[in-house]
Each structure stands twice: as structure tokens, then as C-alpha cells.
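A short write-up of the structure that comes next.
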Amino acid sequence: MTATPDTSRDQHDVRGTLWKLIKDTRFGMLTHRHPEGILHAHPLTTQNTDLDEDATLYFFVSRKTHLFGHLQADGNVNVSYANPDADSYVSLSGHARFVEDRAKVEALWSQMAKAWFPGGPADPDLALLAVDIGHAEYWDVKESKMVQLFKLARAAMTGKQPRNLGEHRELELA
């Protein structure tokens, strides 16, 4: 699949597709640069119920973790989502920052978060991590597994790359 730049569809429509692919994937893998320069990834639960106009994702993290300190020093991150059952994949690059907004924490709060933060939305260990998305890329395969296998087998026999296996888009959101 080659990426289609965001020119043929309305930006709002493409953002809607992006959110559709994210919302049903419970965990995102947030990758950041460790102080020694190597990359580290952490599974985090996306707290959003939609993708706001600012294209920001929200996560709850513990202030006691290395992740909290590392992101304060270097906020360049990638968040990736993979849903192999639906053949959809998303990669988001952006900037992480911590937000001191109790109203936003309460709005995003769920009972599932209580397992990690037993003090509720006012738990002093709870930090609200915002990731402002600058660039997004997604792959969304619509064909059935059987059609995909047929196209891959045909490509292997002909020596030509498979075509039209799904939608691949890149978006600049910053």
C-alpha cells in the first residue's frame, strides 16, 4: 500500500476514519526516547471518547514512574495502535506534555482507572498525559483474509507487488 496524501478527502472525514481505527483498540504503545538514547515503549490506555479538534490523545500515568520523568525531559513520542483482527494499524507522532486540569481528569475518569489510581480523580499519583498529534499514518485493510491471500499469491507468482489491499493515508495534524 502506498500512502495517499490528505488531498482527496475532507480533513474532518479523514480524522473520523483515524478515530474509528483508534477507538476500538484499547491500548496504544507509547514510544519515547530514554535518556541513554534508546527507544522504550509502554502500553497505555487511551482515555478519549473522541478525537478533539486539537487532535490530542489523553492517558493517565503514575507520577512515580520513570516514564513521567522521561517525558518531562523529552516529549517527542510515537503512539501506535494495532488491531490485527480488523487489519487496521495506526502510527501517530507528536509531542507529550502533562496537563494540570482536574476538570479534564474528571471528565476522562472511568472505573477501570480506579484499579491503577485508587484515590480516584484526585489521586496525587495521577498525572494526565496529553499527546498532541502532529503526524498520523494509518493502514486499513478492507478485503477479507481470503481475498488478501489470493492477491498475495498472485503477486508472488507474477513478481508484481500486490495492489489495493486497503487504505493507507498520511495526515499532518499540527
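The values are calculated or read from the model by the stated rules, or taken from the named source; none is laboratory data. In this text, all values refer to a predicted model and were calculated from it rather than measured experimentally. Here the Cβ positions follow ideal geometry from the backbone for every residue, glycine too, while neighbour counts run over all protein chains shown. What goes into the accessible areas is simple: the full protein's heavy atoms, side chains included, and nothing from ligands, DNA or RNA. Shrake-Rupley method; radii C 1.70, N 1.55, O 1.52, S 1.80 Å.
Annotations for the structure displayed:
- Count of the range 56-73 residues which are assigned to a loop (DSSP other than H, G, I, E, B) and not polar (S, T, N, Q): 2
- Pick from the range 76-117, criterion under 29 Å from HIS168 (Cα atoms) and of a type in the set (S, T, N, Q), ranking: least open to solvent (accessible area, probe 1.4 Å): SER88
- So ARG15, is it among the basic types (Lys, Arg), within 14 Å of the chain's Cα centre (by Cα) and modelled with pLDDT under 90: yes
- Which numbered condition GLY120 misses (of (1) surrounded by fewer than 16 Cβ atoms within 10 Å (Cβ to Cβ); (2) under 25 Å from THR45 (Cβ atoms); (3) at pLDDT below 95; (4) in contact with a helix residue (DSSP H, G or I) (Cβ under 7 Å, 6 or more places away or on another chain)): (3)
- Residue ID - surrounded by the fewest Cβ atoms within 10 Å (Cβ to Cβ), chosen from residues in the range 123-133 that are more than 12 Å from VAL99 (Cα to Cα) and among the acidic types (Asp, Glu): ASP125
- Some residue of the range 58-75 being modelled with pLDDT of 95 or more, within 21 Å of GLU170 (Cβ to Cβ) and buried (at least 18 other Cβ atoms within 10 Å of the Cβ): no
- Just so you know, in the range 15-55 the residues that are open to solvent by less than 50 Å² (accessible area, probe 1.4 Å) and in a strand (DSSP E or B) include one that is nearest to VAL79 (Cα to Cα), and it is LEU30.
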